[in-house]
Amino acid sequence: MRCGVNTLRPPSASRLFLLLVVFALAGCGERPKLARLPSDAVVLAFGDSLTYGTGAAEEESYPAQLERLIGRRVVRAAVPGEVTAQALARLPQALDEHSPRLMLLCIGGNDFLRRLGNPQAEANVRAMVKLARSRGVEVVLIGTPEPGLSLAPPAFYAAIAEEFRLPYEESAMVEVLRDNALKSDPIHPNARGYRIIAERLAERLKRSGAI
């Protein structure tokens, strides 16, 4: 070995390929990001009775409590009893009226209760996401559990979130609806339950960079 000679060699083509694969896989594991919300931004909470706040006073609904947590206006655009087909038909007007920067989408529970079929709910949720995104509105998807022993959101929510790279809150509703102390009736939270949902969403928005 000769002293003073630089023995470092450039990486081989195979090593470069492996490094690129590692970086690509690391990128795939990153959480979806959102643009930071200006202080005057409107957040649209769109959904059914879980968004409306059935089981609690209006100021105790999750949109009202979330507004206080994040310091941004959160509009409650919710219709109790609505199925995804009705929500999809209503969404364009809500987007036109409020011009939100971000939509929190929580819908599907009434499709499950009425046994309308998960494929229909999936198609309608996907269409709502596409519509919002086509108008430059970012989306956070909230999983709604199916009735039953497992009380878990159907897999299509996670699939849609992955497809569109959406922040996805899958555990908040499940956590609340599994605890009778956090419910006003078998399918709706009480004020404490809505508080937990609002806190989880605030954390999700912080982690994604929105606030």
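Among the residues of segment 117-148, count how many are within 17 Å of ASP48 (Cα to Cα), touching a Pro at 6+ places or on another chain (Cβ under 8 Å) and touching a residue at least 60 places away in the same chain (Cβ under 8 Å). Result for segment 117-148: 2. Tallying residues that are among the hydrophobic types (A, V, I, L, M, F, W, C) and more than 24 Å from GLY81 (Cα to Cα) within segment 175-211 yields 4. Every condition in (1) over 15 Å from LEU88 (Cα atoms); (2) open to solvent by 50 Å² or more (accessible area, probe 1.4 Å); (3) touching a strand residue (DSSP E or B) at 6+ places or on another chain (Cβ under 8 Å) holds for ARG133 except the one numbered (1).
Test PHE112 against the stated conditions and say whether it is closer than 28 Å to LEU37 by Cα and among the aromatic types (Phe, Trp, Tyr). Criteria not met by PHE112. A single member of GLU203, GLU199, GLU122, GLU162 is in contact with a Leu (Cβ under 9 Å, 6 or more places away or on another chain), open to solvent by 30 Å² or more (accessible area, probe 1.4 Å) and charged (D, E, K, R), and it is GLU199.
Within segment 55-74, the set of residues being buried (at least 18 other Cβ atoms within 10 Å of the Cβ) and not in a helix (DSSP H, G or I) comprises GLY55, ALA56, SER61, ARG72, VAL74.
Anything in segment 84-119 that is touching a strand residue (DSSP E or B) at 6+ places or on another chain (Cβ under 9 Å), basic (Lys, Arg) and open to solvent by 60 Å² or more (accessible area, probe 1.4 Å)? List them, or say none. Residue satisfying the conditions is ARG101 alone. If you check GLY81 against the conditions, is it in contact with a helix residue (DSSP H, G or I) (Cβ under 8 Å, 6 or more places away or on another chain), of a type outside the set (A, V, I, L, M, F, W, C) and open to solvent by less than 10 Å² (accessible area, probe 1.4 Å)? Spelling it out, it is not the case that GLY81 is in contact with a helix residue (DSSP H, G or I) (Cβ under 8 Å, 6 or more places away or on another chain), of a type outside the set (A, V, I, L, M, F, W, C) and open to solvent by less than 10 Å² (accessible area, probe 1.4 Å). Counting only strands (runs of 3 or more DSSP E) that sit completely within segment 85-202, those holding 1 or more residues that are at pLDDT 95 or above and farther than 22 Å from GLU59 by Cα correspond to 138-142.
Write out, first by first residue and then by second, each pair whose Cβ atoms fall under 6 Å of each other, whose residues are 6+ apart or on separate chains, and whose first residue, in segment 28-43, is farther than 22 Å from ARG73 by Cα while the second is surrounded by 10 or more Cβ atoms within 10 Å (Cβ to Cβ) and modelled with pLDDT of 95 or more. Taking only residues 6 or more apart or on different chains, the pairs are PRO32/ARG165; PRO32/LEU166; PRO32/PRO167.
The values are calculated or read from the model by the stated rules, or taken from the named source; none is laboratory data. None of the values given here were measured: they were computed from a predicted structure. Virtual Cβ from ideal backbone geometry, glycine too; neighbours counted across all protein chains shown. The area values use the complete protein model at the heavy-atom level, side chains included, leaving out ligands, DNA and RNA. Shrake-Rupley method; radii C 1.70, N 1.55, O 1.52, S 1.80 Å.
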